[in-house]
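Asks: Quick one: structure below, then a few questions.
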Amino acid sequence: MSLEEYRKRNSILQEKVAAEIEKVKRGQSVKNMLQLQGILEELKNSCIKKNIPLYYPNIIVDSWDYSDPLGMELMELAVLYEKI
């Protein structure tokens, strides 16, 4: 995967995380707001800088349901980030 492809997928996931934050604000999601904000910040930073350590995979593994679709997409992106 190229850096440009990574950035496109990252951008899409940033939008999904931002949408999830809005759902939390409206009471339509039970995810942790601080976790989502931290994940969004890491996604933004990983688009700008290469080789920064990602901490959000630990958050997802430790506290999200393993079958959560957003969590699965975020974990896939973290694996791709390690390969670029």
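The values are calculated or read from the model by the stated rules, or taken from the named source; none is laboratory data. The structure presented is a predicted model; accordingly, all values stated were derived computationally and were not measured. No Cβ is skipped: glycine too gets one built from the backbone with ideal geometry, and neighbour counts run over all protein chains shown. Side chains included, ligands, DNA and RNA excluded: accessible areas come from the protein's heavy atoms. Shrake-Rupley method; radii C 1.70, N 1.55, O 1.52, S 1.80 Å.
Asks: Of the conditions (1) assigned to a loop (DSSP other than H, G, I, E, B); (2) open to solvent by less than 30 Å² (accessible area, probe 1.4 Å); (3) not basic (Lys, Arg), ILE39 clears all except one; give me its number.
Replies: Going through the list (1) assigned to a loop (DSSP other than H, G, I, E, B); (2) open to solvent by less than 30 Å² (accessible area, probe 1.4 Å); (3) not basic (Lys, Arg), ILE39 breaks only (1).
Asks: Among the candidates SER2, SER46, single out the residue that is touching a residue at least 60 places away in the same chain (Cβ under 8 Å), hydroxyl-bearing (Ser, Thr, Tyr) and within 15 Å of ILE84 (Cβ to Cβ).
Replies: Step by step, each of SER2, SER46 is checked, and only SER2 is touching a residue at least 60 places away in the same chain (Cβ under 8 Å), hydroxyl-bearing (Ser, Thr, Tyr) and within 15 Å of ILE84 (Cβ to Cβ).
Asks: Could you list all residues from segment 1-27 that are closer than 15 Å to PRO69 by Cβ and open to solvent by 40 Å² or more (accessible area, probe 1.4 Å)?
Replies: If the condition is that a residue be closer than 15 Å to PRO69 by Cβ and open to solvent by 40 Å² or more (accessible area, probe 1.4 Å), then ARG9, ILE12, GLU15, LYS16, ALA19, LYS23 are the ones that fit.
Asks: Quick check on my filter: what residues within segment 42-52 are at pLDDT 95 or above and either farther than 17 Å from GLU4 by Cβ or more than 12 Å from the chain's Cα centre (by Cα) (or both)?
Replies: GLU42, ASN45
Asks: Give me a count of the residues in segment 48-82 that are assigned to a helix (DSSP H, G or I) and open to solvent by 30 Å² or more (accessible area, probe 1.4 Å).
Replies: Selection size over segment 48-82: 14.
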